[in-house]
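Q: Would you mind keeping the following structure in view while I ask a few things?
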Amino acid sequence: MWIKIYIFFTKEIIMTEKNSATDNSPHDAQDDPDISRFSSAEKKEMVALKKSSGSRPFNIFIYFKNMMGVMVLSCFFLSIPSVIHQISEPVPSERRVFGPFPILLSDSASASFPFPDNIRPQVDFWKKIFTVYTADHVVIHDNWYLNVVYEVIDIGGKNFLTRKDARIAVKAAREKYKQLLENLPWDAPENMTKEEQRVYSLFADITESPRFKKKDAKDRIHAQFGIADTFKAGLIRSGKYIDTMKQIFAKQGLPEDIVCLPMIESGFNPYAKSYVGASGMWQFMKRTGKEYDLIISGVVDERRDPLLSTQAAARFLKNNYNILGSWPLAITSYNHGLQGMKNAVKQVGSEHIEDIIEQYESRSFQFASRNFYPEFLAAREIVTQHTKYFKDIELDESLEIIRLELPDYVTMKTLEEYCQITASDIKKLNPALDRSVFSHNTFIPKGYQLNVLADQKDLLALGYKTIPDNLKYQYILHQKKHRVRRGQTLSAIARAHKTSVKAFMRLNGIRNPKRIRIGQWLKIPGKYISANGKEAPKLKKQTRRKKSLVKSRRKRHRVKRGQTLIRIAKLYNTSPRAIIKLNSLKNPQKIRAGQLLRIPGG
């Protein structure tokens, strides 16, 4: 039937062309020999069509319209599927093209985070570092075959009073095993000493990697401190935020188990800061934090905000997953970088994390990067089964936090007085605020999203309405700028404008106050003006009397039997050297039970 209709319209176009070629003479459809092959019913239909249209001169637009109809019908017939389908096998690709990749919500945690057998020794090693060995233990081991542990040094004993003593002992142990392994007769175990046989036996069940030879073990000696005590403390802290963080990842369509990542990044400590400048639970660098819309200023650093930084981390990891296509690669990119992992896949020719760990060669892909995914798997297992590894542990109670935007610049003192909320409570919930907000009455910026407990929301909102206008401020920026003249210093310029050097540096992005140049234009810090038009009073610096009171309140510790300086220092998060200096101890090894020691920074 479809074929007959197609032929009909095709003939119609041909007949239209023929009519236009004649001297406009009438053309009876019944006398047309071209329709003799149709049935009588079809002939009658065609005659009716011809009578209704009549004969007309050739029109290029009508001809083009009819041709378009034929083309549409042709496409339609070609699109009709045949009855039998043949499914061809896909051609396997040598390498997958990077992203974007869909995130499957139905994936189980085990599917999202595979656990290859050949990285199990690494995972088992990190589980012990996280749960067995404390900061008093240093594990001397092979940095590739992590199940080869030469020795565990207990630096909490009486022989190690200071960190320097511990460093000397670790250095001596590494040198000892380097010499032993260098002279080890690997091919003649019968000629080995007892100690050499012990070390040799550590490699007995090891399947040798083509890249990491047993005979090169002397070059792979590594010292790893235990962190069971800090890991446990981080696990306890995680209870405050982990439920909310899971919700954030779920909203982004990401696996909830990613919340275990801060355990190896910061131990869920919002104030954690690395020596390279990474900050917060998720250890964002400044540039990355700003890229993901985190505010970083002199007063606010949202990298330290547990929830805002988690939202940024979710977006960051989602982007990396979309490009790399697997969670092991995306997790490792958190340490090694997105481009680094793309380079790894390209060099190795595989997207399997175990292949990349063993085969990828790069100066930046060393011990920390190689072990980042195994560390994550170890942390994930401990977090999800924490009572198995820490039987006496009880996590902090989950916090239900909401955010209230401040419409004005206000001080912490004002919030305490009118909103019936203590500065200590605000500090606990708002680690993003700089300490100057709590100690020097620095203004909390207008527009800041204040973290408060859900049950305090109404109380705080009502209290804020009672704050007088003269305690609510707006920031008015100077319209004029200052041009640096010869001989001027930044401190002199700041004094002339009755402001601080830090305010000038923060506003103008100056890193070194001594590096301003002649002719440079500087923005002048503005003023805080209250709603009734009054300028904010100058902030008072801490007086000498207050400083002396702080010193007098320093903690004191009475030495108990068996305690060492290093253990006492750990109790107060300080160093043995600082205690020795503050107490003028001539012989630190001769502290006695009952002795009273002053503790610095208390």
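The values are calculated or read from the model by the stated rules, or taken from the named source; none is laboratory data. Quick caveat, the model's predicted, so the values are computed rather than measured. So basically every Cβ, Gly included, is an ideal-geometry build from the backbone, and we count neighbours across all protein chains shown. The area values use the complete protein model at the heavy-atom level, side chains included, leaving out ligands, DNA and RNA. Shrake-Rupley method; radii C 1.70, N 1.55, O 1.52, S 1.80 Å.
Q: Of 413/457; 318/391; 391/428; 251/346; 273/570; 158/214, which ones are farther than 24 Å apart at the Cα?
A: Numbers: 413/457 18 Å; 318/391 34 Å; 391/428 27 Å; 251/346 32 Å; 273/570 19 Å; 158/214 36 Å.
Beyond 24 Å between Cα atoms: 318/391; 391/428; 251/346; 158/214.
Q: Per 10 Å bin, what percent of the C-alpha pairs of region 281-323 does each bin hold, from zero upward?
A: The calculated distribution, bin by bin, is 32, 55, 12, 1.
Q: Tell me, what % of the accessible area of region 144-237 is carbon and sulfur with a 1.4 angstrom probe?
A: Carbon and sulfur together cover 50 percent of it.
Q: Using a 1.4 Å probe and ignoring any ligands, DNA or RNA, find the accessible area of residue 442 and quote it in Å² to the nearest 10.
A: 30 Å²
Q: Once ligands and nucleic acids are excluded and a 1.4 Å probe is used, how much of residue 132 is accessible, expressed in Å² to the nearest 10?
A: Roll a 1.4 Å probe over it and residue 132 shows about 90 Å².
Q: For region 237-334, what does the accessible surface come to per residue with a 1.4 Å probe? Please give it in Å².
A: Numbers: 3610 Å² over 98 residues.
For region 237-334, the solvent-accessible area averages 37 Å² per residue.
Q: Based on the mean of other Cβ atoms within 10 Å per residue, sort peptides 300-311, 261-272, 566-577, 188-199 so the most packed one is first.
A: Highest to lowest by the protection proxy: 300-311, 261-272, 566-577, 188-199.
Q: Using alpha carbon centroids, what distance separates region 135-214 and region 298-375, in Å?
A: Answer, in whole Å: 30.
Q: Given H placed 1.01 Å from N in the peptide plane, which residues other than close sequence neighbours of residue 520 have an amide H under 5 Å from its amide H?
A: 484
Q: Let me make sure I get this right: for region 176-250, a, b and c are the square roots of the gyration tensor eigenvalues over alpha carbons, sorted descending. Under 1.5 in a/c it's rounded, otherwise prolate if a/b > b/c, else oblate. Which is it?
A: Values: a/c = 4.11, a/b = 2.80, b/c = 1.47.
Prolate, because a/c is 1.5 or more and a/b exceeds b/c.
Q: Accessible area of region 245-355 with a 1.4 Å probe: how many percent of it is carbon plus sulfur?
A: After summing per-atom areas, the C and S share lands at 45 percent.
Q: Near the amide H of residue 151, under 5 Å away, which other amide H atoms are found, from residues 5 or more places off or on another chain, if H is placed in the peptide plane?
A: 140
Q: In nm, what is the difference between 0.36 nm times the number of residues separating residue 391 and residue 425 and their Cα-Cα distance? Write out the running numbers ahead of the final one.
A: Details: separation 34, 0.36 × 34 = 12.24 nm, distance 3.00 nm.
Extra length available between residue 391 and residue 425 comes to 9.2 nm.
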